[in-house]
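Undergrad: A single structure is presented below for examination.
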Amino acid sequence: MALLELRDLIKRYPSPEGGTNVVLDVPELSIGDGEHVALEGASGSGKTTLLHIVAGILTPDSGSVSLAGHELSSLSESKVDRVRAEHIGYVFQTFNLLQGYTALENVLLGMAFGDGQDTRRAQDLLDRVGIADKANHLPGQLSVGQQQRVAIARAVANRPSLLLADEPTGNLDADMAQQALTLLREACEEVGAAILLVSHDPAVLGAFDERRSLADINRAARVGGVS
């Protein structure tokens, strides 16, 4: 059984005209344990929506999402939250760090819904991404690249089975983007996590041996949608 399996997945959103637009129409997508997959998609093709459905943040209108043997549609909201905490790490495009908390506290908060907070591990993760000396800095006191490193440390803090990354280098220059991508993959390899990364950047996509096109797997992408 694959770590992640999507079957006959459909997601619609209301249209301004009063009808609905089909954003995702995915017959099948699967990712195995430890597999690193880059998914190419243009702006508005449904990339973020797809990741949110995989993470259980959004629910599809129909179809199935199986993650680590759990069929998400059959679970209560609280159980979906538990599965997400146990199996998913997420690197958001805008990082989503809590501005009133230090780098260390942001990583610790990422552990709150897993096995519990472990200060020593959180400090070690910040050291591994090269910002141990910034542990007590607030996000506003960090550079964009440093904030990205905190986001990566937080995403792998619970040793996830699957890390989702939404345009994770979109706010970085070319050199910083490659550094962040290397850190992301190394951090996932250390914990054995699979990766599903979405991007439109050829340099990012080219770093992955396993590349797929959202337009190929999503029939709705050919007629547009929202991200």
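Undergrad: Quick one: in the stretch 130-149, of everything that is in contact (Cβ under 8 Å) with a residue 24 or more places away in the chain and aliphatic (A, V, I, L, M), which residue is surrounded by the fewest Cβ atoms within 10 Å (Cβ to Cβ)?
TA: Only one residue tops the list, namely 144.
Undergrad: In addition: Taking the condition loosely packed, with under 13 Cβ neighbours inside 10 Å and not in a loop (DSSP other than H, G, I, E, B), does residue 127 pass?
TA: So residue 127 fails the test.
Undergrad: While we're looking at this one, here's another question. Report, by residue number, each residue of the stretch 67-83 that is over 16 Å from the mean Cα position of the chain (by Cα) and assigned to a strand (DSSP E or B).
TA: Answer for the stretch 67-83, where residues must be over 16 Å from the mean Cα position of the chain (by Cα) and assigned to a strand (DSSP E or B): 70, 71.
Undergrad: Sticking with this structure for a sec: Starting from residues that are in a helix (DSSP H, G or I) and of a type in the set (Gly, Ala, Ser), keep the ones in the stretch 179-227 and report whichever is modelled with the lowest pLDDT.
TA: 221
Undergrad: Consider residue 113 against the criteria (1) surrounded by fewer than 17 Cβ atoms within 10 Å (Cβ to Cβ); (2) closer than 23 Å to residue 5 by Cβ: it satisfies all of them except one. Which criterion is unmet?
TA: (2)
Undergrad: Here is a further query. Given the conditions (1) at pLDDT 95 or above; (2) within 15 Å of residue 164 (Cα to Cα); (3) among the hydroxyl-bearing types (Ser, Thr, Tyr), and given that residue 94 satisfies all but one, which numbered condition is not satisfied?
TA: (1)
Undergrad: Just to be sure I understand the filter: pairs with C-beta atoms under 7 Å, separated by 6 or more residues or on different chains, first member in the stretch 13-33 and charged (D, E, K, R), second member assigned to a loop (DSSP other than H, G, I, E, B). Which pairs pass?
TA: 25/218; 33/3
Undergrad: Which residues, taken from the stretch 1-23, are small (Gly, Ala, Ser) and either surrounded by 12 or more Cβ atoms within 10 Å (Cβ to Cβ) or on the phi > 0 side of the Ramachandran plot (or both)?
TA: 2, 18
Undergrad: One residue is enough: does the stretch 75-89 have a residue meeting the conditions under 22 Å from residue 170 (Cα atoms) and surrounded by 16 or more Cβ atoms within 10 Å (Cβ to Cβ)?
TA: The answer is yes, given that some residue of the stretch 75-89 is under 22 Å from residue 170 (Cα atoms) and surrounded by 16 or more Cβ atoms within 10 Å (Cβ to Cβ).
Undergrad: Next up: Being farther than 26 Å from residue 177 by Cα and either in contact (Cβ under 8 Å) with a residue 40 or more places away in the chain or touching a Phe, Trp or Tyr at 6+ places or on another chain (Cβ under 6 Å) (or both) narrows it down to one residue among 43, 64, 78; which is it?
TA: Exactly one of 43, 64, 78 is farther than 26 Å from residue 177 by Cα and either in contact (Cβ under 8 Å) with a residue 40 or more places away in the chain or touching a Phe, Trp or Tyr at 6+ places or on another chain (Cβ under 6 Å) (or both), namely 64.
Undergrad: List pairs: first in the stretch 166-187 and free of Cβ contacts under 8 Å to residues at least 24 places away in the same chain, second of a type outside the set (A, V, I, L, M) and buried (at least 22 other Cβ atoms within 10 Å of the Cβ), Cβ under 6 Å, 6+ apart or cross-chain?
TA: No pair meets every condition.
Undergrad: Hey, another quick one. Among the residues of the stretch 81-95, write down those that are among the aliphatic types (A, V, I, L, M) and without any contact (Cβ under 8 Å) to a residue 40 or more places away in the chain.
TA: Across the stretch 81-95, the qualifying residue is only 83.
Undergrad: Which residues, taken from the stretch 132-174, are of a type in the set (A, V, I, L, M, F, W, C), within 16 Å of the chain's Cα centre (by Cα) and in a helix (DSSP H, G or I)?
TA: Result: 150, 151, 152, 153, 155.
The values are calculated or read from the model by the stated rules, or taken from the named source; none is laboratory data. From a predicted model like this one, the values you see are computed outputs, not experimental measurements. Neighbour counts are summed over all protein chains in view; Cβ atoms, including those assigned to glycine, are modelled from backbone coordinates with ideal geometry.
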